[in-house]
Amino acid sequence: MRLLLVDDHALFRDGVALLLKELDPAVQVVHASNVAEALAVLGASTDIDLILLDAILPGVHGLQALETLRERYPDVPLVMLSSQEDQATVLRSIQLGAMGFIPKSASSEQMFEALRTVLAHGIYVPPLGLSGIALPAPARPCTHPAELGLTQRQTQVLWLILEGKPMKSIARELGMSHNTAKTHVSAVLRALAVTTRTQAIVAAHRMGLVLGD
């Protein structure tokens with residue numbers, strides 16, 4: 001497994017790399033200190049399995065680095081690392097396509113849990129990021145979209161929703177009309193018993209939905 005770790009502090013990168021070796025001794029960590037270096041690595045490599053991205057990088061405003069990497073490399077799962085742990089930052093990161101959010105104050109076990117979840121095609125949000133968001137509990141625990149009655153096509157739509165893709169992108173990537181995409185999105189939201197995409201992301205996390213095989 002090859003991970004791209006993007007952070008401007010070399011000491012922090014070295015520490016995370018050592019921790020990742022505990023998760024998987026065979027893991028290879030590629031370092032980048034800024035967005036330009038990260039793009040160079042991704043442009044030269046086709047075997048990066050996961051991106052770990054610091055939320056605050058020099059010369060980049062807000063979550064611009066996240067938006068850039070998700071736009072250029074939407075198929076590579078990305079997890080945010082941040083010292084900012086407020087709910088707005090967490091949810092905005094997920095909305096923009098991050099598959100997980102790990103506070104820098106998290107324990108090594110929390111980091112491992114987050115990475116295992118994302119690598120299994122799930123989504124990880126820290127408890128603080130979900131606090132105060134009231135959602136109806138599912139009638140029974142679900143781990144697969146089929147258990148919610150979602151078709152294979154609707155599961156594909158759900159995956160793109162979790163990646164933060166807008167309706168136009170969902171329609172284009174799945175080769176369907178805007179109205180058809182809208183219909184599928186509505187069906188997904190109903191199945192999750194939510195009304196917005198952000199709520200869908202949170203609900204998928206709480207249910208432990210896994211979209212991979």
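The values are calculated or read from the model by the stated rules, or taken from the named source; none is laboratory data. Computed from a predicted structure; not experimentally measured. So basically every Cβ, Gly included, is an ideal-geometry build from the backbone, and we count neighbours across all protein chains shown.
Observations
- Residues considered: Val90, Val118. Of these, the only one that is within 10 Å of the chain's Cα centre (by Cα) and not acidic (Asp, Glu) is Val118.
- Within region 165-199, the set of residues being within 19 Å of the chain's Cα centre (by Cα) and of a type in the set (Lys, Arg) comprises Lys165, Arg197.
- Hey, Leu81 surrounded by 21 or more Cβ atoms within 10 Å (Cβ to Cβ), part of a strand (DSSP E or B), hydrophobic (A, V, I, L, M, F, W, C) and in contact (Cβ under 8 Å) with a residue 60 or more places away in the chain or not: yes
- Selection count, region 163-197, where residues are under 18 Å from Leu148 (Cβ atoms) and of a type in the set (S, T, N, Q): 4
- One residue from Gln28, Gln87 being in contact with a Gly (Cβ under 8 Å, 6 or more places away or on another chain) and surrounded by fewer than 17 Cβ atoms within 10 Å (Cβ to Cβ): Gln87
- If you filter region 184-213 down to residues that are surrounded by fewer than 14 Cβ atoms within 10 Å (Cβ to Cβ) and of a type in the set (Ser, Thr, Tyr), you find that the one that is nearest to Leu78 (Cα to Cα) is Thr196.
A quick yes/no check of all residues on (1) touching a residue at least 24 places away in the same chain (Cβ under 8 Å); (2) under 26 Å from Glu173 (Cα atoms):
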| position | (1), (2) |
| --- | --- |
| Gly43 | no, yes |
| Asp47 | yes, yes |
| Ile56 | yes, no |
| Leu69 | yes, yes |
| Arg72 | yes, yes |
| Gln87 | yes, no |
| Ser107 | no, no |
| Ala114 | yes, no |
| Val118 | yes, yes |
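- Complete set of residues in region 21-35 that are under 12 Å from Asp54 (Cβ atoms) and either out of contact with any Asp or Glu (no Cβ under 7 Å at 6 or more places or on another chain) or not in a loop (DSSP other than H, G, I, E, B) (or both): His31, Ala32, Val35
- Single residue of region 93-137 satisfying the filter (touching a strand residue (DSSP E or B) at 6+ places or on another chain (Cβ under 9 Å) and at pLDDT below 70) that is nearest to Glu67 (Cα to Cα): Gly129
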